[in-house]
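Heads up, the thing below is written out as structure tokens.
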Amino acid sequence: MDGLDDLRGGWLQRIAGASDEAALEEIRVAALGKKGEISLKMRELGKMSPEERQEAGPALNALKDEVNAALAARKAALGDAALEERLKGEWLDVTLPARYRRVGTIHPVSQVTEEVTAIFADMGFAVAEGPQIDSDWYNFDALNIPGHHPARAEMDTFYMARAEGDNRPPHVLRTHTSPVQIRYMEANGAPCRIIAPGRVYRADYDQTHTPMFHQVEGLAIDRDISMANLKWTLEEFFSAFFGTKVKTRFRASHFPFTEPSAEVDIQCSWEGGTVTVGEGNDWLEVLGSGMVHPKVLQAGGVDPAEWQGFAFGMGIDRIAMLKYGIPDLRAFFDSDLRWLRHYGFSALQVPAVHAGL
Ligand code: DAH
């Protein structure tokens with residue numbers, strides 16, 4: 001068969017010159033497709049004499065194989081080159097430092113709640129919780145605050161709205177964490193040692209009051225718990241919390257849910273216009289406390305003839321401001337990122353339990 005060498009030379013050259021896979025495919029169709037040049041040549045075999053066919057057949061087949069092989073080789077080469085090119089573009093320096101990303105911070109209230117919880121847990125107190133919307137029975141009556149009692153009015157209570165004819169008992173946003181005392185005693189009886197941190201609500205707003213704030217309640221009931229145990233527990237707590245020996249001063253006071261009752265001050269100094277806890281001759285009021293009133297034990301289903309104990313309630317935001325020198329309570333709840341970044345804590349900062357005294 002004439003011209004086979006030219007044919008081979010021509011196709012091999014075009015294949016070698018194909019610049020991408022699409023061009024290569026065009027060449028394949030033009031050579032070996034149904035109407036491709038080599039395919040048409042093979043069809044001519046039918047018209048040949050047996051002798052001619054015997055010579056031309058193997059030669060054409062060999063050509064076809066050769067072109068196919070050249071196509072495959074070129075395709076592989078183009079693929080490698082494309083990959084090479086992509087890898088150049090996608091090159092990445094894994095030794096570069098990571099791009100800086102702002103991380104969030106732990107809010108001082110969360111941090112201090114954790115700190116308080118860790119210190120009391122170390123003294124054997126479990127954590128209890130109660131609902132933020134509670135009935136006025138739990139929030140007031142069970143705590144020996146009857147309907148006419150001035151404490152109800154004093155607390156600037158938020159009442160839940162009731163439609164005309166809705167006769168459900170009144171519910172309030174709890175004004176303190178004390179109702180958790182009742183709920184815990186009802187569910188678990190005595191003896192018990194718990195703290196109950198959480199949100200409380202009162203209609204009040206100025207530099208030291210916000211309508212929502214945080215308290216932690218304490219309750220310890222057993223057969224012979226006394227005010228002395230209360231004083232030791234609180235001094236131990238404050239010393240661990242502030243990281244220095246803190247003296248406390250108990251002042252006789254009155255709460256409906258405790259008898260006797262005491263307000264507790266911690267030692268502080270105002271030297272240089274800022275307050276420092278654990279030194280100096282001044283006192284700062286930080287909590288209310290006392291021996292749980294027999295009527296409160298009774299409301300919680302605990303027999304006052306058998307059991308007695310102490311309770312206290314303390315402002316979490318307040319002690320957070322004292323410990324970390326934060327001047328304005330309202331800023332706690334403004335969600336101002338600059339404030340949060342300044343006063344927030346690293347998530348990796350684990351609260352310390354011991355003052356290391
Ligand atoms: N519930 C009181 C308040 O919110 C604080 C308090 C005082 C809690 C005396 C107590 C307590 O448990 O014994 O002002």
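Taken together, the values in this text are just the output of simple stated rules run on the coordinates, not laboratory data. Predicted model only: the values in this text are computed from it and were never measured. Quick reminder, even Gly has a Cβ in these numbers, built from the backbone with ideal geometry, and neighbours come from all protein chains shown.
Working out 0.36 nm times the residue gap between GLU26 and LYS88, then minus their Cα-Cα distance, what length gain in nm do you get to one decimal?
Values: separation 62, 0.36 × 62 = 22.32 nm, distance 2.80 nm.
Using 0.36 nm per residue and subtracting the Cα-Cα distance, I get 19.5 nm.
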Among the GluC sites (Glu not before Pro) in the range 96-151, which ones are in a DSSP loop with at most 16 other Cβ atoms within 10 Å of the Cβ? Mind listing them?
GLU129
For the range 4-89 (alpha-carbon point model, no solvent) the Debye-based log₁₀ I(q)/I(0) at q = 0.18, 0.19, 0.22 Å⁻¹ works out to -0.77, -0.83, -1.01
Based on the alpha carbon coordinates of the range 171-330, what radius of gyration and maximum Cα-Cα distance (Dmax) apply, in Å?
16.2, 51
For the range 40-85, what is the convex hull volume of its Cα atoms per residue in Å³?
48
Projecting the Cα atoms of TRP270, ALA228, ALA22 onto the charge dipole of the chain, where Lys and Arg contribute +1 and Asp and Glu -1 at Cβ, the residue farthest towards the positive end is ALA22
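Quick one: compute a quarter of the convex hull surface over the Cα atoms of the chain and quote it in nm².
Details: hull surface 149.0 nm².
Over all viewing directions, the chain projects a mean Cα-hull area of 37.3 nm².
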The range 86-161: percent of C-alpha pairs farther apart than 15 Å?
77
What lysines sit close enough to LYS247 to cross-link, taking a C-alpha to C-alpha distance under 24 Å and skipping anything fewer than 8 places away on the same chain?
LYS231, LYS323
Binned Cα-Cα distance frequencies in the range 230-285 - 5 Å width, integer %
4, 20, 24, 23, 14, 10, 4, 1
List the extent of the Cα atoms of the range 266-347 along each of their three principal axes, largest first, rounded to whole Å.
53, 35, 22
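About the Cα centre, and with charges only on the beta carbon of Lys, Arg (+1) and Asp, Glu (-1), how big is the dipole of the range 201-357? Nearest 20 debye, please.
240
Quick check for me: using +1 on Lys/Arg Cβ and -1 on Asp/Glu Cβ, what's the dipole size of the range 4-89 about its Cα centre, in debye to the nearest 20?
Details: 14 positive and 16 negative charges, 56 e Å.
Here the size comes out at about 260 debye.
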